[in-house]
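Colleague: Can you read through this structure? Questions will come right after.
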Amino acid sequence: MEVDSGPGTGGESAVIGELPHADNSDDMDMRSEEDNWEVDGCLDPISSDNIVLNSSTQDGQAIDSNPSLSLPDPGSQAAMSRSVSPELRLDNNSPGGPDIEELCGIVEDEDLTLYLKFIKLLRNASLDDMGMQMDEEDLERLRKPPTHELNLEFEPDLRLALDLFLANYTSLVDAYNQNRKAMQRRHPEDEVYTYDQAKRLVRHLSGIVPLAHDMCINTCIAYTGPFADLETCPYCNTPRYNLIVPGERVGKKKTPQREFHTMLIGPQLQALYRSNESAKKMKYGENKLQEIMDEALKPGGGTQPDFEDWCHGADFLKAFHEGHIKKGDSILMFSIDGAQLYRSKASDCWMYIWVIFNLDPATGCYKKAGILFGAIIPGPNKPKILESFLFPGLHHLSAIQKEGLPIWDASTNTLYVSNPYMALASADGPAMAYINGLVGHQGKIGCRLYCPFKGRLKGSHYYPVCLRPDDGEPDDHPDILPAEYADNTFFDYNNQLKYVTES
C-alpha cells in the first residue's frame, strides 16, 4: 500500500467544563475580523504580518487563541519557489508510479482489486470522509491549533491535574476521584480538575487523539475502507456486532464485538512544535539538509560531506532540493512489527510506530521520546488483511498531506502550513514481506527493492550471497558483482505489475 508523499466516528472524548484556563473558549483572546490572519505556508521567507503573537489574559493565565484562519491553499505548497540548480547532479533512476486507473481496468484477481481500492481511497483521502472523522472538537483543534506555549510552572492547577492523573493512570477512575475529594477537603479554595478534565488536558498536551474502528473478533480484518459497510467478516463469517439480546429495546445502538485504536500522527506533530524546547529540536533535519545543499551548490563545487545518516542520502537531498520536502515539514518513517506482550500468554499483537527524522539521530531520532505510536492491532491471531488496520493512520496522513497541517512553532512564534513527508516504510524481514506483498528475504529473488539479484539455495532457503561457495552446486550461478545491479533497481516494475494483474 502506498501513500503519496507529496504536499499534501472516532475516538473517545471527555468534555471539559467551564475552566478559566487553556481550553475554555469563553476566555479566548479573539482578534477582530478586520485583522489579517493570512499565514504563509512556509517558514522561508516570513514577514512580520505572518507572525502570530502569544495571547494572554491580564492575570497571566494560559489561553488558546483560535480565530478563523485564512490559510493558503495547501496544494500550492508542493512546488516551492526553491529553484533547481543545474549544478547539482543527483541520481534519478526511480520510475514513475503505476497508473492505478489503468490497473483497475485490467485487473481480474479479487485480492489485487481489493488492494487497488485501498490505494484509490488513500489518494482521495479527506479529513471529512465518513468513518474517518475525528471528534468534532479534535478536528477543530487540528485545523486551528493553539498559538501559545503552556508553561506548567505558572499554571499550578494544570500541573496538579497532570500529576494527579499520571499518578493514578494505572488505577481505577475511582482512585483519582477519591484523591481529588481528599485534596478539596484540605484545600477547598483550590480548583482540582475532574478525571475527564485531566484526561482532556493530557490529550491536548500530548496530541494522543485515538480514533476507534471496529474489527473482526478473530483479527481477520478491520471494518475500514472497502470493508467499512460490512456486518460480517468475509473470511471467518463472524458477525461484526454483538448479538441483540431478546427483550432489549428496539433501536438500541449496535455495539461492535471488538475495536482497535489508531493514534493519529497530525495532533502528535502539532504537540511537538508547541513546546519551545522540542520545536528547536525539530529543526535538525531541515538545517542539516540546507547545510549539505549549500555546500554542494558552492561555485566550483563544494566538498562531499561524510555520510552520517539519512540526510546525506541522494533521494532526500533531491526531494529537498526540488521542494518536495520544505522547511517546516515533518519527515516520517513508518515501522511495523509483531510483538508478544507476555511470555506465558497468548498475547501476540501487531503495532506500528512513526520515527521522526527531523530530530538529531545522535540524541533523539531513534530514542523512545522521539518515537510516536501509530496503532496497536490486538491478537492473538495474525491479521489476514493488514492493510485494513493500517488504513485509518495512512488515510489521516494522506489527508493532512493534501490539506496541509497547520503548525504553531513555539520556538519562532509562527503559524504555517506543513505537509508531512513519508520517507520510508521499514520492518524486519518477515514483516516486510507481509506489508509489501513480495517474497520474503529468504526467497530466490528476495531483494526489497525488486532488483534481479538471485540468492543461493542451501537446504530449503535462499541466501543473498555474492560469491559462489566452493562446494556450490555445478549449475549454481557464478560470482555476483553488486555494481552490476546498482542501476537495475525497479528495472521493470511496471511491466511486471501489469503482468501480475493480467494473469
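Colleague: Check the stretch 288-298 and report whether any residue there is open to solvent by 30 Å² or more (accessible area, probe 1.4 Å), under 30 Å from residue 377 (Cα atoms) and either among the hydrophobic types (A, V, I, L, M, F, W, C) or not in a loop (DSSP other than H, G, I, E, B) (or both).
Modeller: no
Colleague: Kindly indicate whether any position in the stretch 364-382 is β-branched (Val, Ile, Thr), assigned to a loop (DSSP other than H, G, I, E, B) and under 25 Å from residue 272 (Cα atoms).
Modeller: Within the stretch 364-382, not a single residue is β-branched (Val, Ile, Thr), assigned to a loop (DSSP other than H, G, I, E, B) and under 25 Å from residue 272 (Cα atoms).
Colleague: Next question, about the same structure. Starting from the stretch 102-126, take each residue that is at positive phi and outside any helix (DSSP H, G or I) and list its partners that are open to solvent by less than 50 Å² (accessible area, probe 1.4 Å) and at pLDDT below 85, counting only C-beta distances under 6 angstrom and pairs at least six apart or across chains.
Modeller: Sorted first by the residue in the stretch 102-126, then by its partner, the list stays empty.
Colleague: Starting from the stretch 371-385, take each residue that is within 17 Å of residue 395 (Cβ to Cβ) and list its partners that are open to solvent by 70 Å² or more (accessible area, probe 1.4 Å) and among the acidic types (Asp, Glu), counting only C-beta distances under 8 angstrom and pairs at least six apart or across chains.
Modeller: Taking only residues 6 or more apart or on different chains, not a single pair turns up.
Colleague: Is it fair to say residue 85 is open to solvent by less than 70 Å² (accessible area, probe 1.4 Å), at pLDDT 85 or above and part of a loop (DSSP other than H, G, I, E, B)?
Modeller: No: the conditions fail for residue 85.
Colleague: With (1) open to solvent by 20 Å² or more (accessible area, probe 1.4 Å); (2) among the β-branched types (Val, Ile, Thr); (3) in contact with a strand residue (DSSP E or B) (Cβ under 7 Å, 6 or more places away or on another chain) as the list, and residue 303 as the residue in question, which single condition is left unmet?
Modeller: Among (1) open to solvent by 20 Å² or more (accessible area, probe 1.4 Å); (2) among the β-branched types (Val, Ile, Thr); (3) in contact with a strand residue (DSSP E or B) (Cβ under 7 Å, 6 or more places away or on another chain), the lone unmet condition for residue 303 is (3).
Colleague: Restricting the search to the stretch 133-148, which residues are open to solvent by 20 Å² or more (accessible area, probe 1.4 Å) and not in a helix (DSSP H, G or I)?
Modeller: The answer is 133, 135, 144.
Colleague: Could you grab me the full set of residues in the stretch 180-231 that are among the aromatic types (Phe, Trp, Tyr) and outside any helix (DSSP H, G or I)?
Modeller: 193, 223
Colleague: Still on this structure: If you go through the stretch 425-437, how many residues are in contact with a helix residue (DSSP H, G or I) (Cβ under 8 Å, 6 or more places away or on another chain) and either assigned to a strand (DSSP E or B) or aliphatic (A, V, I, L, M) (or both)?
Modeller: So the count comes out to 4.
Colleague: Just give me the residues in the stretch 317-362 being in contact with a Phe, Trp or Tyr (Cβ under 8 Å, 6 or more places away or on another chain) and among the acidic types (Asp, Glu), in sequence order.
Modeller: Selection gives 329, 337, 360.
Colleague: Got a number for residues in the stretch 254-287 being in a loop (DSSP other than H, G, I, E, B) and under 24 Å from residue 406 (Cβ atoms)?
Modeller: Total meeting the criteria: 4.
Colleague: For the subset of the stretch 350-363 comprising residues that are out of contact with any Cys (no Cβ under 7 Å at 6 or more places or on another chain) and in a strand (DSSP E or B), which member is nearest to residue 329 (Cα to Cα)?
Modeller: Taking the candidates together, the pick is 354.
Colleague: Considering only the stretch 451-464, state which residues are assigned to a loop (DSSP other than H, G, I, E, B) and either open to solvent by less than 60 Å² (accessible area, probe 1.4 Å) or of a type in the set (S, T, N, Q) (or both).
Modeller: Hits for the stretch 451-464 are 451, 452, 453, 455, 460.
Colleague: Among the candidates 315, 337, single out the residue that is over 20 Å from residue 405 (Cα atoms), open to solvent by 30 Å² or more (accessible area, probe 1.4 Å), assigned to a helix (DSSP H, G or I) and among the acidic types (Asp, Glu).
Modeller: 315
Colleague: Being in contact with a Pro (Cβ under 7 Å, 6 or more places away or on another chain), within 30 Å of residue 118 (Cα to Cα) and modelled with pLDDT of 75 or more narrows it down to one residue among 405, 394, 497, 424; which is it?
Modeller: Within the list 405, 394, 497, 424, the selection yields 405.
Colleague: How many residues are open to solvent by less than 30 Å² (accessible area, probe 1.4 Å) and either in contact with an Asp or Glu (Cβ under 7 Å, 6 or more places away or on another chain) or aliphatic (A, V, I, L, M) (or both) when one looks only at the stretch 213-241?
Modeller: 7
Colleague: From the set of residues in the stretch 376-404 that are aliphatic (A, V, I, L, M) and within 20 Å of residue 130 (Cα to Cα), which is surrounded by the fewest Cβ atoms within 10 Å (Cβ to Cβ)?
Modeller: Here the residue is 399.
Colleague: Just checking, how many residues over the stretch 164-187 are within 30 Å of residue 280 (Cβ to Cβ), open to solvent by less than 70 Å² (accessible area, probe 1.4 Å) and under 29 Å from the mean Cα position of the chain (by Cα)?
Modeller: Counting residues in the stretch 164-187 that are within 30 Å of residue 280 (Cβ to Cβ), open to solvent by less than 70 Å² (accessible area, probe 1.4 Å) and under 29 Å from the mean Cα position of the chain (by Cα) gives 1.
The values are calculated or read from the model by the stated rules, or taken from the named source; none is laboratory data. None of the values given here were measured: they were computed from a predicted structure. Methodologically, a virtual Cβ is constructed for each residue, glycine included, from the backbone with ideal geometry; neighbour enumeration extends over all protein chains shown. The area values use the complete protein model at the heavy-atom level, side chains included, leaving out ligands, DNA and RNA. Shrake-Rupley method; radii C 1.70, N 1.55, O 1.52, S 1.80 Å.
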